[in-house]
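The values are calculated or read from the model by the stated rules, or taken from the named source; none is laboratory data. Because the structure is a prediction, the values reported are computed rather than measured. Glycine also receives a Cβ, built like all others from the backbone with ideal geometry; neighbour counts cover every protein chain displayed.
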Amino acid sequence: MSKNHHHSFNCTKCWQEKWDELPGALGERRAVLLFQLSGYAHRAGQWSQSLEFAEEYLAMRLEDPARKEDQADALAAIAICYWEMNRKDEAYAHLANSLTLFREVECTYSQAWENTMCWWLYQDERYDEARDAYLLSLAHNRYVEDDQAACYDLLMIGNTYFKQEQYADSLPYFRQARTLAKSIGDKRHTAMSDFNIGEALVHLGDGFEGETYVRKALHVFELYEHQTYSAEAHKMIGMAQSVQGKYDDAVESLERAARYFGRAKNKKFDEIVATNTELAKNLRIVGRSDDAAEIERRTSTLKELIA
């Protein structure tokens with residue numbers, strides 16, 4: 001390892017001391033230093049350097065078959081580095097091996113890594129695999145009676161079906177999440193469940209019932225001043241109204257959604273495009289073709305900018 005690597009970090013005195021100690025360190029002390037330095041590099045976003053430290057740490061821990069939890073920690077650290085370096089196949093393989101070891105030793109904090117695997121699969125649109133992973137997580141969280149985590153698992157299982165346009169299959173999981181969330185007084189997950197139920201119903205053609213559920217969610221989103229969630233709710237209300245043939249109301253709701261998305265701190269450009277597309281469609285239905293054309297022009301420009 002080149003000592004020049006350390007210049008790329010925002011070094012603290014602690015980092016510098018450990019770096020200076022590493023060349024002469026042996027045995028357990030060297031292993032501890034490697035793991036700590038990998039963590040420092042990780043926090044600095046220096047993935048190749050973090051990977052180098054973690055791989056040497058893993059090699060040392062593999063010398064002792066009994067240190068399975070340490071091996072699992074090292075494999076997980078390596079997996080994160082590969083993920084951030086966009087080497088996803090290697091990331092999945094290392095995290096899977098890590099989880100196997102964590103399960104063997106029944107590590108108390110392994111659920112966090114299980115959640116990471118679930119989320120990676122979901123982000124990568126590997127919905128069947130993500131669903132299986134979330135079902136395992138759900139079984140664990142029910143076993144340890146972590147109802148809040150179980151609510152989240154149920155919502156995510158429903159979302160895997162929703163993303164595959166299996167709206168009817170998503171509903172039982174959203175409804176289970178809602179029942180559980182209400183039973184423990186969890187307003188956030190109750191609202192998310194209401195929104196997901198409403199969204200699925202709208203896609204199934206039940207605009208009236210869908211709007212009813214989304215309005216329940218909107219009340220909570222606005223109570224907690226969550227701009228993006230509120231924007232998504234207004235958009236879905238507009239879609240529900242359009243399904244019901246209430247096109248003027250739909251235009252009003254969709255225009256409100258567009259304003260909310262525009263004011264949001266973290267812009268969700270895909271949602272802005274979807275909202276504008278739906279708005280233009282309804283504007284044409286109510287005879288406002290010029291307004292629709294202007295919306296379509298702006299949407300086209302936005303698509304080019306984010307392509």
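Quick notes
- Number of positions in the stretch 200-230 that are closer than 22 Å to residue 160 by Cα and of a type in the set (A, V, I, L, M, F, W, C): 6
- Test: residue in the stretch 114-136 that is among the hydrophobic types (A, V, I, L, M, F, W, C) and at pLDDT below 95: yes
- Selection of the stretch 271-307 for residues being under 16 Å from residue 234 (Cβ atoms) and under 24 Å from the mean Cα position of the chain (by Cα) yields 271, 272, 273, 274, 275.
- Residue match in the stretch 267-276 (condition: under 21 Å from residue 195 (Cα atoms), part of a loop (DSSP other than H, G, I, E, B) and touching a helix residue (DSSP H, G or I) at 6+ places or on another chain (Cβ under 9 Å)): yes
- Residues that are touching a residue at least 40 places away in the same chain (Cβ under 8 Å) and among the basic types (Lys, Arg) number at least 3 in none of the helices (runs of 4 or more DSSP H) confined to the stretch 39-130.
- If you go through the stretch 249-266 and keep only what is under 14 Å from residue 298 (Cβ atoms) and either free of Cβ contacts under 8 Å to residues at least 12 places away in the same chain or out of contact with any Ser or Thr (no Cβ under 7 Å at 6 or more places or on another chain) (or both), you end up with 255, 259, 262.
- Extreme residue, surrounded by the most Cβ atoms within 10 Å (Cβ to Cβ), among residues of the stretch 121-147 that are under 20 Å from residue 174 (Cβ atoms) and of a type in the set (Ser, Thr, Tyr): 134
- Residues in the stretch 197-211 that are over 13 Å from residue 175 (Cβ atoms) and surrounded by fewer than 16 Cβ atoms within 10 Å (Cβ to Cβ) were compared, and the one that is farthest from the chain's Cα centre (by Cα) is 208.
- The number of residues in the stretch 252-270 being of a type outside the set (S, T, N, Q) and over 25 Å from the mean Cα position of the chain (by Cα) comes to 4.
- The listed residue being without any contact (Cβ under 8 Å) to a residue 24 or more places away in the chain and on the phi > 0 side of the Ramachandran plot, out of 205, 185: 185
- Selection status of residue 144, β-branched (Val, Ile, Thr) and in contact (Cβ under 8 Å) with a residue 24 or more places away in the chain: no
- Count of the stretch 277-301 residues which are touching a residue at least 24 places away in the same chain (Cβ under 8 Å), among the β-branched types (Val, Ile, Thr) and under 14 Å from residue 250 (Cβ atoms): 2
- Selection status of residue 61, closer than 19 Å to residue 27 by Cβ, basic (Lys, Arg) and buried (at least 19 other Cβ atoms within 10 Å of the Cβ): yes
- The sole residue among 118, 81 that is within 24 Å of the chain's Cα centre (by Cα), over 28 Å from residue 186 (Cβ atoms) and buried (at least 17 other Cβ atoms within 10 Å of the Cβ) is 81.
- Residues satisfying the stated conditions in the stretch 203-259, i.e. modelled with pLDDT of 95 or more and either of a type in the set (Lys, Arg) or part of a loop (DSSP other than H, G, I, E, B) (or both): 204, 205, 206, 215, 216, 235, 244, 245, 246, 256
- Residue count for the stretch 131-154, restricted to those that are more than 11 Å from residue 180 (Cβ to Cβ), of a type outside the set (Gly, Ala, Ser) and either in a helix (DSSP H, G or I) or touching a Lys or Arg at 6+ places or on another chain (Cβ under 6 Å) (or both): 7
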